[in-house]
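A short worksheet on the structure shown next.
The values are calculated or read from the model by the stated rules, or taken from the named source; none is laboratory data. Values in this document were obtained by computation on a predicted structure and should not be read as measured data. With ideal geometry, Cβ positions are generated from the backbone for all residues, glycine too; neighbour counts draw on all protein chains shown. Side chains included, ligands, DNA and RNA excluded: accessible areas come from the protein's heavy atoms. Shrake-Rupley method; radii C 1.70, N 1.55, O 1.52, S 1.80 Å.
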Amino acid sequence: MSSSAIREDGLGRRVVITGMAGFSPIGNDWASIRQRLKSGTNGIRQMSDWDVFAGLNTRLAGPVEDFHLPVHYHRKALRSMGRGARMATRASELALEDAGLLGAELVGSGNMGIAYGASVGEPDAVADFGNMLLNKSTDGLNANSYIRMMAHTAPVNIGVFLGVRGRIHTTSSACTSGSQGIGYAFEAIRFGRQTAMIAGGCEELSASEAAVFDTLFATSTLNDTPEATPRPFDAERDGLVIGEGAGTLILEDLENAEARGATIHAELVGFGTNSDGRHVTQPDATMMERAIREALEDAGLTPDRIGYVSAHGTATDRGDIAESHATQAVFGSHQPISSFKSFTGHTLGACGALEAWVAIEMMRDGWFHPTANLEHPDPACAELDYLRGEGRQLGCEYVMSNNFAFGGINTSLIFRRWP
């Protein structure tokens, strides 16, 4: 592609990443995350406080540690925020700071918007309304209960706290909430509707979300060995582990970014998304493949240009098999691929944003993490170049980040290394 602010294919403006920040179970900045990835140490913990839930088989999760808010997050600002919204708002503030836009006129001009999501709002607020329905009592409800519970609590709180006046896309689509947020932000800028967007996703840890997968017999029950799970693509995998976190990318029109002398981390060049239209929880490899091909077509790239794929890689039985075969159908059997969830667990609404952030950092760094605990690739999974052991040095101009969600929602994002 040329340095022009308009795409060579004539499909709108070029979109770049100028800010990135997040909170994850293995660190809250790239240096810390990279160290954990290098050491092969995951962020999975045994959740002894979940022992109170009869019938819940898993006791494993990936919590965010060392999350603290600075003093300007005062009581009035926090009363409408659950933990997920707090992580999302702080990550967005830090990403704006990274972009050199914190406090800038653009933020409140109406030319910056938000595309952000989570699976659900604050679980404790959901429980308060559940108490009303079960016990016929409004005890525990207050003026902010719904604001904390609503699906768009994160983007709304981000907007209010930071004074953002542009459009808001609420992407509450389970495991693709973060990746759809980035994709829709990309399209808003590409077609001239906004100059910049705050994009990403978040999720706070809750036993109720573990129970969603536990009822499907899809959770790992290696409760005494949290360091050994999850195991994406491994023959001995026994299910996923949930996690929490938040990730924010600042997307910006290239012309605007260059005019203000911004540091550009990467260019977002392709986005594909579709739905299976077949089953709520059973993945469809054919439609996964189509979403990947849509992203390539959108970017004007052939498969051989992609140097690395960040897998969804949940460590579920059917999910890993479907995803691997969809990937092989597009790229063949020699595609370097690994799963960030092997270190963090499945961070649900946050995973698409966290994985995009990490993929961009690895592309800039030239080192790509392995899939933790992947010792013996499952023969039922397609043959791919699964990164294992110590990871690998790769020189990539383009990387792809894929996510697939309940409801049959599929996403694929392609990022280009900025020269």
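Remarks
- Every listed requirement among (1) under 23 Å from the mean Cα position of the chain (by Cα); (2) open to solvent by less than 20 Å² (accessible area, probe 1.4 Å); (3) of a type outside the set (D, E, K, R) is met by residue 94 save one, (2).
- Condition met for residue 13 (open to solvent by 10 Å² or more (accessible area, probe 1.4 Å) and farther than 17 Å from residue 226 by Cβ): yes
- Subset of segment 110-125 (residues that are assigned to a helix (DSSP H, G or I) and open to solvent by 10 Å² or more (accessible area, probe 1.4 Å)): 123, 124
- If the condition is being polar (S, T, N, Q), touching a residue at least 40 places away in the same chain (Cβ under 8 Å) and assigned to a strand (DSSP E or B), then segment 367-419 contributes 401, 402, 403, 410, 411, 412.
- Of residues in segment 326-346 being in a helix (DSSP H, G or I) and touching a residue at least 60 places away in the same chain (Cβ under 8 Å), the one surrounded by the fewest Cβ atoms within 10 Å (Cβ to Cβ): 327
- Candidates 135, 131, 142 - the one that is under 20 Å from residue 78 (Cβ atoms), polar (S, T, N, Q) and either in contact with an Asp or Glu (Cβ under 8 Å, 6 or more places away or on another chain) or open to solvent by 70 Å² or more (accessible area, probe 1.4 Å) (or both): 142
- Looking across 56, 69, one residue alone is over 18 Å from residue 354 (Cα atoms), touching a residue at least 40 places away in the same chain (Cβ under 8 Å) and in a loop (DSSP other than H, G, I, E, B). It is 56.
- Exactly one residue out of 323, 355 is within 26 Å of residue 47 (Cβ to Cβ), part of a helix (DSSP H, G or I), of a type in the set (Asp, Glu) and open to solvent by less than 10 Å² (accessible area, probe 1.4 Å): that is 355.
- Tally of residues being closer than 19 Å to residue 352 by Cα, acidic (Asp, Glu) and outside any strand (DSSP E or B) across segment 197-218: 2
- The set of residues in segment 150-171 being open to solvent by 50 Å² or more (accessible area, probe 1.4 Å) and either part of a helix (DSSP H, G or I) or touching a Cys at 6+ places or on another chain (Cβ under 9 Å) (or both) consists of 160, 161.
- Members of segment 241-279 found to be within 30 Å of residue 376 (Cβ to Cβ) and in contact with a Phe, Trp or Tyr (Cβ under 6 Å, 6 or more places away or on another chain), listed by number: 245
Residues are listed down the side, and each one gets a yes or a no for (1) modelled with pLDDT under 95; (2) under 17 Å from residue 337 (Cα atoms); (3) over 19 Å from the mean Cα position of the chain (by Cα):
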| residue | (1), (2), (3) |
| --- | --- |
| 211 | no, no, yes |
| 220 | no, no, yes |
| 258 | no, no, yes |
| 278 | yes, no, yes |
| 283 | yes, no, no |
| 290 | no, no, yes |
| 294 | no, no, yes |
| 297 | no, no, yes |
| 307 | no, yes, yes |
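- Test: residue in segment 33-52 that is assigned to a helix (DSSP H, G or I), surrounded by fewer than 24 Cβ atoms within 10 Å (Cβ to Cβ) and acidic (Asp, Glu): yes
- Some residue of segment 13-23 being in a helix (DSSP H, G or I) and either β-branched (Val, Ile, Thr) or within 27 Å of residue 271 (Cβ to Cβ) (or both): no
- Residues within segment 72-82 that are open to solvent by 80 Å² or more (accessible area, probe 1.4 Å) and either aromatic (Phe, Trp, Tyr) or in contact (Cβ under 8 Å) with a residue 12 or more places away in the chain (or both), tallied: 1
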